[in-house]
1. Within segment 143-165, track down each residue that is open to solvent by less than 10 Å² (accessible area, probe 1.4 Å) and over 23 Å from D115 (Cβ atoms).
2. Of D121, D192, D115, D139, which residue is over 26 Å from E31 (Cβ atoms) and charged (D, E, K, R)?
3. Quick check on this structure: which one of P38, P5 is at pLDDT 95 or above and either assigned by TED's automatic domain parsing to the domain that holds Q173 or within 20 Å of G184 (Cα to Cα) (or both)?
4. Failed condition for A94, given (1) open to solvent by 10 Å² or more (accessible area, probe 1.4 Å); (2) over 24 Å from R182 (Cβ atoms), with all others met?
5. Restricting segment 8-32 to residues that are acidic (D, E) and either without any contact (Cβ under 8 Å) to a residue 12 or more places away in the chain or touching a Phe, Trp or Tyr at 6+ places or on another chain (Cβ under 8 Å) (or both), which is nearest to Q188 (Cα to Cα)?
6. Quick test for you: out of T199, T129, T143, pick the one residue that is of a type in the set (S, T, N, Q), outside any loop (DSSP other than H, G, I, E, B), under 24 Å from the mean Cα position of the chain (by Cα) and assigned by TED's automatic domain parsing to the domain that holds M47.
7. I need every pair where a residue in segment 212-224 that is of a type in the set (K, R) has its Cβ under 7 Å from the Cβ of a residue that is within 8 Å of the ligand (Cβ to nearest atom), sequence separation at least 6 or different chains.
8. What number of residues in segment 262-303 are touching a residue at least 60 places away in the same chain (Cβ under 8 Å) and farther than 18 Å from Q322 by Cα?
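The values are calculated or read from the model by the stated rules, or taken from the named source; none is laboratory data. The structure displayed is predicted, hence computed values, not measured ones. So basically every Cβ, Gly included, is an ideal-geometry build from the backbone, and we count neighbours across all protein chains shown. The protein model used for the area step is the full one, side chains on, heavy atoms only, and it has no ligands, DNA or RNA in it. Shrake-Rupley method; radii C 1.70, N 1.55, O 1.52, S 1.80 Å.
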Amino acid sequence: MRDAPLSAILLNWYDRNARDLPWRVGPAARENGVVPDPYRVWLSEIMLQQTTVAAVRDYFLRFTALWPAVGALAAAEESRVMGEWAGLGYYARARNLLKCARVIVSRHGGRFPDDHDALLDLPGIGPYTAAAIAAIAFDRRETVMDGNVERVMARLHNEAAPLPGVKPVLREQAAALTPARRPGDYAQAVMDLGATVCTPKSPACGICPWRDPCQARAAGTAASLPAKTPKKPKPVRYGIVYLGQRSDGAWLLERRPDKGLLGGMLGWPGAEWADTPAEAPPCDADWQTLAGEVRHTFTHFHLILTVKTARLSETASPRSGQFVPASQFRPSDLPTVMRKAFDLSQS
Ligand code: SF4
(Lines give C-alpha, C1' and ligand atoms only; values in the text may rest on other atoms or scores of the structure.)
Protein backbone atom coordinates (compact mmCIF):
# COMPACT_ATOMS: atom_id res chain seq x y z
CA MET A 1 0.00 0.00 0.00
CA ARG A 2 1.66 3.24 -1.09
CA ASP A 3 0.92 6.19 1.21
CA ALA A 4 0.99 9.24 -1.07
CA PRO A 5 -1.69 8.02 -3.47
CA LEU A 6 -4.02 7.19 -0.58
CA SER A 7 -3.95 10.75 0.79
CA ALA A 8 -4.26 12.16 -2.72
CA ILE A 9 -7.29 9.96 -3.44
CA LEU A 10 -8.94 11.09 -0.23
CA LEU A 11 -8.19 14.78 -0.81
CA ASN A 12 -9.67 14.47 -4.26
CA TRP A 13 -12.83 12.99 -2.72
CA TYR A 14 -12.87 15.74 -0.06
CA ASP A 15 -12.70 18.45 -2.71
CA ARG A 16 -16.05 17.20 -4.00
CA ASN A 17 -17.72 15.95 -0.80
CA ALA A 18 -16.54 18.10 2.14
CA ARG A 19 -19.30 18.68 4.69
CA ASP A 20 -20.54 22.25 4.85
CA LEU A 21 -19.94 23.18 8.50
CA PRO A 22 -20.28 26.68 9.95
CA TRP A 23 -16.76 26.61 11.39
CA ARG A 24 -15.10 25.19 8.31
CA VAL A 25 -13.27 26.91 5.47
CA GLY A 26 -14.07 24.45 2.68
CA PRO A 27 -11.56 23.29 0.07
CA ALA A 28 -12.80 25.71 -2.63
CA ALA A 29 -12.50 28.73 -0.33
CA ARG A 30 -9.05 27.59 0.81
CA GLU A 31 -8.00 27.24 -2.79
CA ASN A 32 -9.06 30.87 -3.22
CA GLY A 33 -6.82 31.95 -0.36
CA VAL A 34 -9.35 32.08 2.50
CA VAL A 35 -7.51 31.25 5.73
CA PRO A 36 -9.30 29.59 8.68
CA ASP A 37 -9.83 31.75 11.77
CA PRO A 38 -8.05 29.94 14.66
CA TYR A 39 -10.66 31.30 17.08
CA ARG A 40 -13.50 29.58 15.21
CA VAL A 41 -11.46 26.39 14.79
CA TRP A 42 -10.63 26.32 18.51
CA LEU A 43 -14.21 27.08 19.59
CA SER A 44 -15.63 24.36 17.37
CA GLU A 45 -13.07 21.79 18.50
CA ILE A 46 -13.82 22.46 22.17
CA MET A 47 -17.56 22.22 21.54
CA LEU A 48 -17.17 19.03 19.50
CA GLN A 49 -15.37 17.15 22.30
CA GLN A 50 -17.71 14.26 23.20
CA THR A 51 -20.53 16.07 21.36
CA THR A 52 -22.12 15.62 17.94
CA VAL A 53 -21.95 18.07 15.05
CA ALA A 54 -25.77 18.35 15.12
CA ALA A 55 -25.75 19.37 18.80
CA VAL A 56 -22.89 21.85 18.36
CA ARG A 57 -24.09 23.74 15.28
CA ASP A 58 -26.55 26.14 16.98
CA TYR A 59 -24.30 26.73 19.99
CA PHE A 60 -21.42 27.60 17.71
CA LEU A 61 -23.53 30.08 15.74
CA ARG A 62 -24.83 31.69 18.93
CA PHE A 63 -21.38 31.96 20.54
CA THR A 64 -19.80 33.48 17.43
CA ALA A 65 -22.71 35.94 17.09
CA LEU A 66 -22.33 37.01 20.73
CA TRP A 67 -18.52 36.91 20.79
CA PRO A 68 -17.13 37.13 17.24
CA ALA A 69 -13.46 37.18 18.31
CA VAL A 70 -11.39 35.80 21.16
CA GLY A 71 -11.02 39.25 22.75
CA ALA A 72 -14.79 39.66 23.02
CA LEU A 73 -15.14 36.23 24.63
CA ALA A 74 -12.29 36.97 27.06
CA ALA A 75 -14.18 40.06 28.25
CA ALA A 76 -17.46 38.17 28.84
CA GLU A 77 -18.97 37.52 32.27
CA GLU A 78 -18.38 33.92 33.38
CA SER A 79 -22.05 33.47 34.38
CA ARG A 80 -23.12 34.57 30.89
CA VAL A 81 -20.77 32.10 29.19
CA MET A 82 -21.90 29.27 31.48
CA GLY A 83 -25.54 30.17 30.78
CA GLU A 84 -25.03 30.10 27.03
CA TRP A 85 -23.22 26.76 27.33
CA ALA A 86 -26.07 25.20 29.35
CA GLY A 87 -27.38 22.05 27.67
CA LEU A 88 -24.15 21.24 25.81
CA GLY A 89 -22.73 19.20 28.73
CA TYR A 90 -19.21 18.60 30.04
CA TYR A 91 -19.24 21.99 31.72
CA ALA A 92 -15.54 22.09 32.61
CA ARG A 93 -15.13 22.88 28.91
CA ALA A 94 -16.98 26.19 29.30
CA ARG A 95 -14.91 27.29 32.28
CA ASN A 96 -11.69 26.36 30.49
CA LEU A 97 -12.93 28.06 27.34
CA LEU A 98 -13.12 31.37 29.15
CA LYS A 99 -9.80 30.80 30.93
CA CYS A 100 -8.14 29.99 27.61
CA ALA A 101 -9.60 33.07 25.91
CA ARG A 102 -8.22 35.23 28.71
CA VAL A 103 -4.76 33.62 28.47
CA ILE A 104 -4.74 34.15 24.69
CA VAL A 105 -5.40 37.84 25.29
CA SER A 106 -3.10 38.36 28.29
CA ARG A 107 -0.13 36.21 27.21
CA HIS A 108 -0.40 36.00 23.45
CA GLY A 109 -1.74 39.43 22.51
CA GLY A 110 -5.04 37.98 21.29
CA ARG A 111 -3.41 35.64 18.72
CA PHE A 112 -3.50 31.87 18.97
CA PRO A 113 -0.07 30.22 18.98
CA ASP A 114 0.46 28.22 15.81
CA ASP A 115 2.26 25.11 16.99
CA HIS A 116 1.21 21.99 18.85
CA ASP A 117 3.30 22.42 22.02
CA ALA A 118 2.30 26.04 22.64
CA LEU A 119 -1.36 25.12 22.05
CA LEU A 120 -1.04 22.22 24.47
CA ASP A 121 0.01 24.69 27.17
CA LEU A 122 -3.37 26.45 27.06
CA PRO A 123 -6.25 25.69 29.46
CA GLY A 124 -8.66 23.02 28.19
CA ILE A 125 -6.49 21.98 25.24
CA GLY A 126 -5.32 18.37 25.28
CA PRO A 127 -3.26 16.47 22.69
CA TYR A 128 -6.20 15.83 20.34
CA THR A 129 -7.39 19.43 20.31
CA ALA A 130 -3.86 20.84 19.96
CA ALA A 131 -3.27 18.59 16.95
CA ALA A 132 -6.64 19.48 15.41
CA ILE A 133 -6.10 23.25 15.77
CA ALA A 134 -2.49 23.06 14.53
CA ALA A 135 -3.61 21.06 11.48
CA ILE A 136 -6.88 22.79 10.60
CA ALA A 137 -6.05 26.40 11.49
CA PHE A 138 -2.34 26.41 10.65
CA ASP A 139 -1.94 23.56 8.16
CA ARG A 140 0.63 21.77 10.30
CA ARG A 141 1.37 18.12 9.54
CA GLU A 142 -0.27 16.68 12.67
CA THR A 143 -1.90 13.33 13.28
CA VAL A 144 -5.44 14.07 14.39
CA MET A 145 -7.09 11.04 15.99
CA ASP A 146 -10.76 10.93 16.91
CA GLY A 147 -13.26 8.08 16.91
CA ASN A 148 -13.90 8.50 13.20
CA VAL A 149 -10.23 8.30 12.31
CA GLU A 150 -9.69 5.27 14.55
CA ARG A 151 -12.55 3.44 12.88
CA VAL A 152 -11.34 4.24 9.37
CA MET A 153 -7.75 3.17 10.18
CA ALA A 154 -8.90 -0.06 11.83
CA ARG A 155 -10.90 -0.95 8.74
CA LEU A 156 -8.42 0.21 6.14
CA HIS A 157 -5.79 -2.05 7.75
CA ASN A 158 -8.26 -4.77 8.89
CA GLU A 159 -6.90 -4.38 12.41
CA ALA A 160 -8.55 -7.02 14.61
CA ALA A 161 -7.06 -6.04 18.00
CA PRO A 162 -9.59 -4.23 20.19
CA LEU A 163 -9.81 -0.62 21.35
CA PRO A 164 -8.58 0.99 23.47
CA GLY A 165 -5.35 -1.07 23.50
CA VAL A 166 -4.87 -0.82 19.74
CA LYS A 167 -4.92 2.99 19.70
CA PRO A 168 -1.12 3.45 19.41
CA VAL A 169 -1.07 1.14 16.37
CA LEU A 170 -3.91 3.07 14.71
CA ARG A 171 -2.12 6.34 15.46
CA GLU A 172 1.04 5.10 13.74
CA GLN A 173 -0.98 4.03 10.74
CA ALA A 174 -2.71 7.40 10.60
CA ALA A 175 0.61 9.27 10.96
CA ALA A 176 2.11 7.30 8.10
CA LEU A 177 -0.75 8.34 5.81
CA THR A 178 -0.79 12.06 6.73
CA PRO A 179 0.63 14.05 3.80
CA ALA A 180 2.93 17.06 3.95
CA ARG A 181 0.68 18.83 1.41
CA ARG A 182 -2.71 20.09 2.68
CA PRO A 183 -2.50 18.30 6.07
CA GLY A 184 -5.35 20.44 7.44
CA ASP A 185 -7.72 19.44 4.67
CA TYR A 186 -6.53 15.84 4.93
CA ALA A 187 -7.33 15.73 8.69
CA GLN A 188 -10.84 16.98 7.99
CA ALA A 189 -11.19 14.61 5.04
CA VAL A 190 -10.56 11.50 7.18
CA MET A 191 -13.04 12.74 9.77
CA ASP A 192 -15.62 13.39 7.05
CA LEU A 193 -15.05 9.94 5.56
CA GLY A 194 -15.68 8.38 8.98
CA ALA A 195 -18.73 10.54 9.65
CA THR A 196 -20.47 10.18 6.30
CA VAL A 197 -19.22 7.02 4.51
CA CYS A 198 -17.27 4.75 6.84
CA THR A 199 -19.98 4.99 9.49
CA PRO A 200 -20.05 2.75 12.59
CA LYS A 201 -22.89 0.35 11.71
CA SER A 202 -23.20 0.27 7.94
CA PRO A 203 -20.15 1.53 6.05
CA ALA A 204 -21.03 2.56 2.50
CA CYS A 205 -18.06 0.79 0.94
CA GLY A 206 -19.56 1.03 -2.55
CA ILE A 207 -19.08 4.80 -2.66
CA CYS A 208 -15.87 4.94 -0.61
CA PRO A 209 -12.80 6.48 -2.26
CA TRP A 210 -10.63 3.94 -0.39
CA ARG A 211 -12.68 0.86 -1.34
CA ASP A 212 -9.88 -0.65 -3.46
CA PRO A 213 -7.07 -0.52 -0.88
CA CYS A 214 -9.39 -1.22 2.10
CA GLN A 215 -8.42 -4.54 3.70
CA ALA A 216 -11.56 -4.89 5.83
CA ARG A 217 -13.81 -4.47 2.80
CA ALA A 218 -11.86 -7.20 1.02
CA ALA A 219 -12.08 -9.46 4.07
CA GLY A 220 -15.77 -8.72 4.70
CA THR A 221 -15.08 -7.59 8.26
CA ALA A 222 -15.75 -3.84 7.95
CA ALA A 223 -18.98 -3.60 9.95
CA SER A 224 -17.46 -5.48 12.91
CA LEU A 225 -14.44 -3.18 13.23
CA PRO A 226 -13.01 -1.62 15.27
CA ALA A 227 -13.23 -4.37 17.88
CA LYS A 228 -13.80 -3.10 21.40
CA THR A 229 -12.93 -4.47 24.81
CA PRO A 230 -16.33 -4.92 26.52
CA LYS A 231 -17.18 -2.08 28.90
CA LYS A 232 -18.30 -2.59 32.47
CA PRO A 233 -21.96 -1.64 32.94
CA LYS A 234 -22.42 1.89 34.32
CA PRO A 235 -23.40 2.11 37.99
CA VAL A 236 -26.60 3.91 39.04
CA ARG A 237 -26.50 6.75 41.56
CA TYR A 238 -29.42 8.47 43.24
CA GLY A 239 -30.02 12.04 44.37
CA ILE A 240 -32.68 14.40 45.68
CA VAL A 241 -33.17 17.96 44.40
CA TYR A 242 -35.22 20.64 46.10
CA LEU A 243 -37.11 23.15 43.98
CA GLY A 244 -38.17 25.94 46.30
CA GLN A 245 -40.09 29.00 45.12
CA ARG A 246 -41.00 32.02 47.19
CA SER A 247 -44.42 33.64 46.93
CA ASP A 248 -42.86 36.53 44.95
CA GLY A 249 -41.78 33.97 42.32
CA ALA A 250 -38.05 33.87 43.18
CA TRP A 251 -36.41 30.42 42.86
CA LEU A 252 -33.87 29.03 45.30
CA LEU A 253 -30.82 27.99 43.25
CA GLU A 254 -27.19 27.34 43.99
CA ARG A 255 -24.05 27.55 41.92
CA ARG A 256 -22.23 24.25 42.03
CA PRO A 257 -18.57 24.20 43.12
CA ASP A 258 -16.11 24.80 40.27
CA LYS A 259 -14.54 21.38 40.71
CA GLY A 260 -16.57 18.29 39.88
CA LEU A 261 -19.53 17.37 37.73
CA LEU A 262 -21.59 20.35 36.45
CA GLY A 263 -18.91 22.53 38.09
CA GLY A 264 -19.74 26.24 38.08
CA MET A 265 -23.27 25.67 36.74
CA LEU A 266 -26.49 26.81 38.37
CA GLY A 267 -28.57 24.02 39.85
CA TRP A 268 -31.13 23.07 42.44
CA PRO A 269 -29.88 22.50 45.99
CA GLY A 270 -29.78 18.83 46.84
CA ALA A 271 -28.27 15.81 48.42
CA GLU A 272 -24.97 14.24 47.37
CA TRP A 273 -25.47 11.69 44.61
CA ALA A 274 -24.92 8.27 46.14
CA ASP A 275 -26.28 4.72 46.37
CA THR A 276 -28.63 5.95 49.09
CA PRO A 277 -28.81 9.75 49.22
CA ALA A 278 -29.51 11.47 52.53
CA GLU A 279 -32.22 14.11 52.80
CA ALA A 280 -30.62 17.58 52.56
CA PRO A 281 -33.34 20.25 52.30
CA PRO A 282 -31.83 23.73 51.92
CA CYS A 283 -34.34 25.16 54.43
CA ASP A 284 -37.29 24.09 56.54
CA ALA A 285 -40.48 23.90 54.50
CA ASP A 286 -43.28 21.52 53.61
CA TRP A 287 -41.33 19.65 50.92
CA GLN A 288 -43.54 17.48 48.71
CA THR A 289 -42.16 14.62 46.61
CA LEU A 290 -43.30 14.76 43.00
CA ALA A 291 -44.58 11.69 41.23
CA GLY A 292 -42.04 10.51 38.66
CA GLU A 293 -38.30 10.92 38.65
CA VAL A 294 -35.52 12.43 36.55
CA ARG A 295 -33.18 10.08 34.74
CA HIS A 296 -29.93 11.26 33.24
CA THR A 297 -26.80 9.53 32.02
CA PHE A 298 -23.33 10.92 32.58
CA THR A 299 -20.14 9.45 31.15
CA HIS A 300 -19.49 7.18 34.12
CA PHE A 301 -22.89 6.58 35.73
CA HIS A 302 -26.66 6.82 35.41
CA LEU A 303 -28.39 9.23 37.76
CA ILE A 304 -31.93 8.98 39.11
CA LEU A 305 -33.21 12.07 40.90
CA THR A 306 -36.17 12.44 43.22
CA VAL A 307 -37.68 15.93 42.90
CA LYS A 308 -39.18 17.74 45.89
CA THR A 309 -40.93 21.09 45.72
CA ALA A 310 -42.13 23.61 48.29
CA ARG A 311 -43.54 27.11 48.57
CA LEU A 312 -41.09 29.08 50.68
CA SER A 313 -42.04 31.94 52.97
CA GLU A 314 -40.79 35.49 52.42
CA THR A 315 -38.68 35.10 55.56
CA ALA A 316 -37.07 31.78 54.58
CA SER A 317 -33.33 31.83 55.22
CA PRO A 318 -31.79 28.96 53.31
CA ARG A 319 -28.72 27.08 54.55
CA SER A 320 -27.41 26.98 51.00
CA GLY A 321 -28.10 28.68 47.67
CA GLN A 322 -29.56 32.03 46.85
CA PHE A 323 -32.86 33.36 45.55
CA VAL A 324 -32.97 34.27 41.88
CA PRO A 325 -35.84 36.65 41.03
CA ALA A 326 -38.43 35.22 38.63
CA SER A 327 -37.54 37.93 36.10
CA GLN A 328 -33.90 36.73 35.99
CA PHE A 329 -34.57 33.00 36.04
CA ARG A 330 -34.00 31.34 32.66
CA PRO A 331 -34.51 27.55 32.63
CA SER A 332 -32.21 27.49 29.58
CA ASP A 333 -29.30 28.54 31.86
CA LEU A 334 -29.59 25.22 33.70
CA PRO A 335 -27.61 22.14 32.72
CA THR A 336 -29.81 19.47 31.15
CA VAL A 337 -30.27 17.31 34.25
CA MET A 338 -31.39 20.33 36.30
CA ARG A 339 -33.70 21.46 33.51
CA LYS A 340 -35.30 18.02 33.48
CA ALA A 341 -36.09 18.47 37.18
CA PHE A 342 -37.65 21.87 36.46
CA ASP A 343 -39.68 20.43 33.58
CA LEU A 344 -40.98 17.66 35.85
CA SER A 345 -42.10 20.27 38.39
CA GLN A 346 -44.03 22.15 35.69
CA SER A 347 -45.71 19.10 34.15
FE1 SF4 B 1 -14.66 2.11 5.45
FE2 SF4 B 1 -15.69 0.54 3.55
FE3 SF4 B 1 -14.21 2.67 2.93
FE4 SF4 B 1 -13.10 0.52 4.01
S5 SF4 B 1 -14.10 0.63 2.00
S6 SF4 B 1 -12.67 2.64 4.56
S7 SF4 B 1 -14.69 -0.13 5.43
S8 SF4 B 1 -16.22 2.67 3.93
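1. Those that are open to solvent by less than 10 Å² (accessible area, probe 1.4 Å) and over 23 Å from D115 (Cβ atoms): V152, M153, A154, R155, L156.
2. Step by step, each of D121, D192, D115, D139 is checked, and only D121 is over 26 Å from E31 (Cβ atoms) and charged (D, E, K, R).
3. Just one listed residue meets the conditions, P38.
4. Of the numbered conditions (1) open to solvent by 10 Å² or more (accessible area, probe 1.4 Å); (2) over 24 Å from R182 (Cβ atoms), the odd one out for A94 is (1).
5. Applying the first criterion (acidic (D, E)) to segment 8-32 yields 15, 20, 31.
Retained after the next criterion (residues that are either without any contact (Cβ under 8 Å) to a residue 12 or more places away in the chain or touching a Phe, Trp or Tyr at 6+ places or on another chain (Cβ under 8 Å) (or both)): 20, 31.
Numbers: D20: 11, E31: 15 Å.
My answer is D20.
6. On the way: T199 fails: outside any loop (DSSP other than H, G, I, E, B); T143 fails: outside any loop (DSSP other than H, G, I, E, B).
Unique residue meeting the criteria: T129.
7. R217/C205; R217/R211
8. Of the residues in segment 262-303, the ones touching a residue at least 60 places away in the same chain (Cβ under 8 Å) are 262-268, 297, 299-303.
After this cut, where a residue has to be farther than 18 Å from Q322 by Cα as well, the list is 297, 299-303.
Residues meeting the conditions: 6.
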